[in-house]
1. Please count how many residues of region 150-185 are on the phi < 0 side of the Ramachandran plot, open to solvent by 40 Å² or more (accessible area, probe 1.4 Å) and in a loop (DSSP other than H, G, I, E, B).
2. Could you say which residue among Asp193, Asp210 is open to solvent by 30 Å² or more (accessible area, probe 1.4 Å), at negative phi and under 17 Å from the mean Cα position of the chain (by Cα)?
3. Could you go through region 151-165 and let me know if any residue there is under 17 Å from Asp102 (Cβ atoms) and not polar (S, T, N, Q).
4. Kindly indicate whether Ser130 is crowded, with 17+ Cβ neighbours inside 10 Å and at pLDDT below 90.
5. How many residues are over 14 Å from the mean Cα position of the chain (by Cα) and among the aromatic types (Phe, Trp, Tyr) if we restrict to region 1-46?
6. Any chance region 222-239 includes a residue that's under 21 Å from Ala19 (Cα atoms), at pLDDT 95 or above, of a type in the set (Ser, Thr, Tyr) and not in a loop (DSSP other than H, G, I, E, B)?
7. In the list Arg68, Arg6, which residue meets the criterion of being charged (D, E, K, R) and more than 24 Å from Arg123 (Cα to Cα)?
8. Looking at region 55-64, which of its residues are within 20 Å of the chain's Cα centre (by Cα) and over 21 Å from Gly110 (Cβ atoms)?
Amino acid sequence: MRFALRTDVGCVRTLNEDAAYAGGNLFLVCDGMGGHNAGEVASAMTVAAMTEALCADEITPNIRTLRRAVEQANAGVLQAAGADESRRGMGTTLSALWADGDTVLLAQVGDSRVYLLRGGILRQCTHDHSMVAELVRQGRLTPEEARVHPQRNLITRAIGTGRRIEVDFFEEPRKAGDRWLLCSDGLTGVVCDEEIAAALSQFVGEAAADELMRLALSRGAPDNVTLIVLDDERGGDGV
């Protein structure tokens, strides 16, 4: 995977609570929550725990190992929050992509996202764990209404908020030429899917990442913005 990673505090916040990792066959985006000196701790702890668990040379990607890594990250954040009053309630989203020779594995908690551009068609591969996303799935809100809903940032799942963590796992076949995007909601809150598809279609690698960040910042970026653009140059012939 060839990658380009970008992160920015945005135009309103004074602290970047996002954390990300890109290297080898593992890619992570986490969006911390919990206020000053808490959200950034939760996201950084989750990235550290995931990389420690999954980056050893002898580990072969599979759902069971990925699940165990997420559970370990959750336990670590929960313990740290319980040990320090100033960090009570901290947590983080997690969008993870872990690739092997034929398959891409995804893990999802919260409302950061993973997209796949294949054959010119953009698809969101993860489901947002948020109140407004659930209302959209129920047909009670339109996607357009959800984008401006006053409680659009209320997530229903996060790393570090309970001893038992509910995680979505997905498996996708790899295909050479696939372009992946992992991002925090600082991007998707101000840049729509059609614009994301256009940027990923028209630009490659570093240029695509720069264009997506430019779009977010040009819209005022009220939240931290983090994104990773991946180009799969070694995938197989999966469809």
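1. 12
2. Criteria check complete, one pass: Asp193.
3. Within region 151-165, not a single residue is under 17 Å from Asp102 (Cβ atoms) and not polar (S, T, N, Q).
4. Details: crowded, with 17+ Cβ neighbours inside 10 Å: yes; at pLDDT below 90: yes.
Answer is yes for this residue.
5. 1
6. Taking every residue of region 222-239 in turn, at least one turns out to be under 21 Å from Ala19 (Cα atoms), at pLDDT 95 or above, of a type in the set (Ser, Thr, Tyr) and not in a loop (DSSP other than H, G, I, E, B).
7. Arg68
8. Scanning region 55-64 gives Cys55, Pro61, Asn62, Arg64.
The values are calculated or read from the model by the stated rules, or taken from the named source; none is laboratory data. Since we're looking at a predicted model, the values are computed, not measured. Reconstructed Cβ throughout: ideal geometry from the backbone, glycine too, with neighbour counts over all protein chains shown. Only protein heavy atoms, including side chains, enter the accessible area calculation; ligands, DNA and RNA are left aside. Shrake-Rupley method; radii C 1.70, N 1.55, O 1.52, S 1.80 Å.
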